[in-house]
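Derivation of every value follows stated rules applied to the coordinates shown; laboratory data play no part. Bear in mind the structure is a predicted one, so any value in this text is a computation, not a measurement. Note that each Cβ is placed from the backbone with ideal geometry, even for glycine, and that neighbours are counted across all protein chains shown.
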Amino acid sequence: MNKEKFFKNSLIEDLLEEQNKNPKKYLPPQAIKKIAKQHGKSIPEVYSVISFYPRLSLKPRAKYVIRVCKNLPCHMEGVDEVVEAIKEYLNIDFGEATPDGLFYLEESSCLGLCSLAPVILINDDIHGKLTPEKVKGILKKYKENS
Ligand code: FES
């Protein structure tokens, strides 16, 4: 089996694709049931994969999911100030969505992008070498383009 076919058919890839199609970027029960059937898995088996994989969510989030790395390299490069800027600009805390359903903020373990610290992901978009001013400008652009 070639690599492309393997990943195209993997359970996690299908769950991520289904999640990305949802406007609230999560996996509702009907989506889980559908994917379980497609892969010949039981629903509890699929739930166990979802609960193990942090990028998958059972909780409704928002159009844009902001994932912030708070591990040591990002911490050393000033992620706390970036987080404060995000929270102040959007008026939300970790685990919350903006009332307009545009942004959801969540903490992440290392994103594997340490050379770009401090770094965040907004859905699949990488934003690195951030400052409080830079992150506010980025969020403003997402708002304007929505
Ligand atoms: S420590 Fe932040 S991306 Fe690795």
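Quick one: grab Rg to one decimal and Dmax as a whole number for segment 3-52, Cα atoms only, in Å.
10.5, 30
Here is the link list: 24/70; 63/140; 70/143; 25/70; 21/129; 25/141. Which ones come out longer than 26 Å on Cα distance?
On the way: 24/70 24 Å; 63/140 14 Å; 70/143 24 Å; 25/70 22 Å; 21/129 29 Å; 25/141 20 Å.
Among 24/70; 63/140; 70/143; 25/70; 21/129; 25/141, the Cα-Cα distance tops 26 Å for 21/129.
If you rank 108, 51 by fewest surrounding Cβ atoms within 10 Å, what's the result?
Values: 108 18, 51 10.
Arranged by neighbour count, lowest to highest, 108, 51 become 51, 108.
What percentages, rounded to whole numbers, describe P(r) for segment 64-144 computed over all alpha carbon pairs with 5 Å bin width beginning at zero?
3, 18, 31, 29, 15, 4, 1
Based only on the alpha carbon positions, what is the Kirkwood hydrodynamic radius of segment 106-146, in angstrom? Intermediate values should be presented prior to the final figure.
Working: mean 1/r = 0.0916 Å⁻¹.
Its Kirkwood hydrodynamic radius stands at 10.9 Å.
Could you list 56, 105 in order of exposure, starting from the residue whose Cβ has the fewest other Cβ atoms within 10 Å? Before the final figure, lay out each step's value.
Details: 56 19, 105 23.
Lowest count first: 56, 105.
Could you tell me the convex hull volume per residue, in Å³, taken over the Cα atoms of the chain? Walk me through the intermediate numbers first.
Numbers: hull volume 17.5 nm³, N = 146.
Dividing the Cα hull volume of the chain by its residue count gives 120 Å³.
Cα centroids of segment 32-80 and segment 91-146: how far apart, whole angstrom?
About 16 Å separates the Cα centre of segment 32-80 from the one of segment 91-146.
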